[in-house]
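*Asks:* Below are the C-alpha cells for one structure; questions will follow.
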Amino acid sequence: MIGSSSLTAGGSTSPAAGVRIWVATAPLDMRRSFDALAEHVRAILNENPMSGHLFVFRNRSSQRLKILWWDRDGYAIYYKRLERGTFQFPSAGEKSMAIDSGQLMKLLAGCAIAGR
C-alpha cells in the first residue's frame, strides 16, 4: 500500500500531493477491519475515511499498527506487527494529529517521532 502507484507520485514512498497522514493518538482494538475503522475515522476523528488520506491506528501494547486508506474504488489496510519493541506513537491532547511521510516512515520502523 505505501508504495502503491495510485497512492504515490512516481512510484516513490511519499504519498501523492494532497494526501495527508492522520495518526489516531489513542489505542484501538486491532480486531476492527475496514468498516469499523472507517466508522472510527468518521465518528471519533471527524474526518472523511473516503478522502484518500491515510489513517494510522495502533493497539494498546503499541506492537501492532494499521493504516486505513481509500483507494478510489475501495478501502485498503496495511497491517504491521513488530516482533520486538513498540511503535513510538506521539502523545497529543487531540484525538488525531497530522504527520508527514518522513515521520510515517520513522513510525513504521519503530522510531520515535515528534509531534508537530
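*Asks:* Between the stretch 78-116 and the stretch 16-73, how many Å separate their Cα centres?
*Replies:* Each part's Cα centre sits 13 Å from the other's.
*Asks:* Can you list residues from other chains, or at least 5 along the same chain, whose modelled amide H is less than 5 Å from the amide H of Thr25?
*Replies:* Ser96, Met97
*Asks:* Given labels modelled 7 Å from the Cα in the Cβ direction, how far is it in nm from Met105 to Ala16?
*Replies:* If labels sit at Met105 and Ala16, their model points lie 2.0 nm apart.
*Asks:* For the stretch 21-108, what are Rg and Dmax over the alpha carbons, in angstrom?
*Replies:* My reading of the Cα-based Rg and Dmax gives 12.0, 35 Å.
*Asks:* If you place +1 on the Cβ of every Lys and Arg, -1 on the Cβ of every Asp and Glu, and leave all else neutral, what size is the dipole of the stretch 21-108 about its Cα centre, to the nearest 20 Debye?
*Replies:* So the magnitude is around 420 debye.
*Asks:* May I ask you to derive the FRET efficiency for Asp71 and Arg42 from their Cβ-Cβ distance with R0 = 22 Å, giving the value to the nearest 0.05?
*Replies:* 0.80
*Asks:* Now for a separate question. Share of antiparallel DSSP beta bridges in the chain, in percent to the nearest 5?
*Replies:* Rounded to the nearest five, the antiparallel share is 85 percent.
*Asks:* Let me ask something else. As an exercise, use a Förster radius of 25 Å and the Cβ-Cβ distance of Ala26 and Arg84 to find the FRET efficiency, rounded to the nearest 0.05.
*Replies:* 0.60
Quick note: the coordinates plus some simple rules give every number you see, no bench work behind them. Keep in mind the model is a prediction, meaning the values are calculated, not measured. Every residue, glycine among them, receives a Cβ derived from its backbone with ideal geometry; neighbour counts consider all protein chains shown.
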